[in-house]
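Chemist: Would you mind keeping the following structure in view while I ask a few things?
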Amino acid sequence: MPDQQTNERRLTIARAMAEAIQQEMQRDPAVFVMGEDVGGFGGIFGNTRGLFEEFGKERVRDTPISETGFISAAVGAAMDGMRPIVELMFVDFFGVCFDAIYNQMAKNIYFSGGNAKVPMVLMTSTGGGYSDAGQHSQCLYGTFAHLPGMKVVSPSNAYDAKGLMTAAIRDDSPVVYMYHKRLQGMGWLGTEAGATVNTPEDDYIVEIGKAKVVRKGTDVTLVGLAMGVHNALKAADKLAENGVSAEVIDLVSLVPLDRETVINSVAKTGRLIVVDEDYHSYGVSGEIIATVTEHDISKLKASPARVTFPDVPIPYAKNMEQFCLPNPDKIVAAYHAMQKSAR
């Protein structure tokens with residue numbers, strides 16, 4: 001993660017996403033945006049702010065509330081030579097349009113024997129923490145990562161957000177770009193300050209499929225993505241107060257998944273805790289743990305642990321939601337439980 005002490009041009013993730021889209025639209029006339037409230041309103045999370053004024057309604061298209069319709073249209077446009085960016089406002093809404101996503105967007109390159117490309121970006125919001133209940137607060141990382149044919153990314157800071165968006169737009173495969181609402185820089189969402197970092201004005205690429213070691217350590221590896229990275233960094237600070245050196249890995253990309261960076265870190269520390277705001281079972285956390293244990297279990301000094309959202313619908317009540325969400329204290333507690341059980 002870029003050093004915030006030397007920032008010269010700090011952007012929010014929302015602003016960084018919009019800037020990447022703007023630059024790619026200026027560079028390539030095949031790039032356009034579709035979705036609900038992406039036009040004059042600028043997107044409810046700020047991702048398309050300013051684009052309508054510059055590019056007009058032909059290239060920044062507000063759509064009816066019909067996710068199946070406009071995502072299917074984006075698939076067709078992509079296969080016909082355009083590079084659409086389409087927003088599914090909340091990832092929770094995937095249920096009404098998953099046929100368009102998984103049976104069309106994800107599979108059409110394979111179905112065509114590689115003769116067709118589907119260069120489109122599906123961007124969608126994830127995450128809870130602001131009492132918007134079970135239909136507007138999920139992450140569902142594992143749902144999308146589980147299904148082949150789509151690249152899946154999720155930035156934790158503005159620098160990565162811009163570079164990942166640029167990379168996603170230029171990719172000839174479909175990319176699911178999952179942004180966490182609490183990291184967007186929209187004050188009403190309770191923004192995480194650490195997500196607003198130095199972001200160059202020039203265009204650049206952040207490689208899809210490459211994790212980042214954002215804090216080096218020797219005693220335990222903490223692995224997360226999006227909001228989980230910030231929780232892990234805060235937990236690392238707390239652990240350091242007791243002399244524990246935690247290494248923090250930002251996965252950045254789920255598909256492709258950089259397993260090597262995680263394996264190398266755990267080989268050094270011997271301990272692994274995965275932080276994931278998605279549901280506990282059948283998800284990213286289990287995949288990371290399986291990756292490490294299948295590689296070389298002899299390097300582990302303790303059984304791996306995970307700090308995740310329990311397998312229940314996300315509560316509306318603030319105290320109940322906060323009880324369920326991962327946080328730094330839960331990560332620290334997981335480390336101490338790991339040490340106790342290893343004795």
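The values are calculated or read from the model by the stated rules, or taken from the named source; none is laboratory data. What you are looking at is a predicted structure, and each value in this text was computed from that prediction instead of being measured. Because the Cβ atoms are built from the backbone with ideal geometry, glycine has one as well, and the counts that use them run over all protein chains shown. Please note that ligands, DNA and RNA were not included when accessible areas were found on the heavy atoms of the full protein model with its side chains. Shrake-Rupley method; radii C 1.70, N 1.55, O 1.52, S 1.80 Å.
Chemist: For the pair Asn103 and His295, what calculated FRET efficiency results from E = 1/(1 + (r/R0)^6), where r is the Cβ-Cβ distance and R0 = 56 Å, to the nearest 0.05?
Modeler: My answer for the efficiency is 0.95.
Chemist: Follow-up question, since we're still on this one. What part of the accessible area of region 8-157, given as a whole %, is carbon or sulfur when the probe is 1.4 angstrom?
Modeler: Here it works out to 53 percent.
Chemist: Also, quick follow-up: Mean separation of Cα pairs under 8 Å and 6+ residues apart, divided by the residue count of the chain: what relative contact order is that in percent?
Modeler: 16 percent
Chemist: Pop the C-beta distance of Met186 and Lys318 into the FRET formula with R0 = 22 Å and round what comes out to the nearest 0.05.
Modeler: 0.75
Chemist: How big is region 64-161 along each principal axis, measuring the range of its Cα positions in Å and listing the largest first?
Modeler: 45, 31, 23
Chemist: Round to a whole number: what % of the accessible area of region 227-343 belongs to carbon and sulfur, probe 1.4 Å?
Modeler: It is 54 percent, rounded to a whole number.
Chemist: Now, a different point. From the residues Ile205, Thr166, Gly194, which one has its Cα farthest along the dipole of region 147-229 in the positive direction, the dipole being from +1 and -1 charges on Cβ of Lys/Arg and Asp/Glu about the Cα centre?
Modeler: The one lying farthest along the dipole's positive direction is Gly194.
Chemist: Could you calculate the contour length gain from Asp329 to Ser66, that is, 0.36 nm times the residue separation minus the distance between their Cα atoms, to one decimal place in nm?
Modeler: 90.6 nm
Chemist: Could you tell me what a quarter of the Cα convex hull surface of region 1-94 works out to, in nm² with one decimal place?
Modeler: The Cα convex hull of region 1-94, projected and averaged over all directions, gives 7.3 nm².
Chemist: Another question about this same structure. Could you tally the net charge around Pro29, taking each other residue with its Cβ under 10 Å from the Cβ of Pro29, Lys/Arg +1 and Asp/Glu -1?
Modeler: +2
Chemist: Now a separate question. Lys and Arg at +1, Asp and Glu at -1: add these up for the other residues within a Cβ distance under 15 Å of Leu51 and post the number.
Modeler: That sum, taken over residues with Cβ under 15 Å, equals -2.
Chemist: Quantify how much of the Cα-Cα distance distribution of region 104-226 extends past 17 Å, in percent.
Modeler: Here the tail beyond 17 Å accounts for 63 percent of pairs.
Chemist: How far, in nm, would the chain grow between Ala193 and Glu58 when pulled straight, counting 0.36 nm per residue and subtracting the alpha carbon separation?
Modeler: Full-extension gain reported as 45.1 nm.
Chemist: Measuring with a 1.4 Å probe in the full set of protein chains, what accessible area per residue, in whole Å², belongs to the chain?
Modeler: Counting only protein heavy atoms, the per-residue value for the chain is 41 Å².
Chemist: Does anyone have the angle between helix 259-269 and the longest principal axis of the chain? Alpha-carbon axes, 0 to 90°, nearest 10?
Modeler: 20 degrees
Chemist: Relative contact order, percent, of region 136-182 when contacts are C-alpha pairs under 8 Å separated by at least 6 residues?
Modeler: Over region 136-182, the number comes to 41 percent.
Chemist: Calculate how many DSSP beta bridges within the chain are antiparallel, expressed in % of all such bridges and rounded to the nearest 5.
Modeler: 15 percent
Chemist: Fully extended, how many nm does the chain gain between Ser281 and Gln339 (0.36 nm per residue separation, minus their Cα-Cα distance)?
Modeler: Length difference between fully extended and current span is 18.6 nm.
Chemist: Follow-up. Given Cβ point charges of +1 (Lys, Arg) and -1 (Asp, Glu) and nothing else, what value in debye, to the nearest 20, does the dipole of region 1-158 about its Cα centre take?
Modeler: 360 debye
Chemist: Using +1 at the C-beta of Lys and Arg and -1 at the C-beta of Asp and Glu, which of Ser66, Leu251, Phe45 has the Cα lying farthest in the positive direction of the dipole of the chain?
Modeler: Leu251
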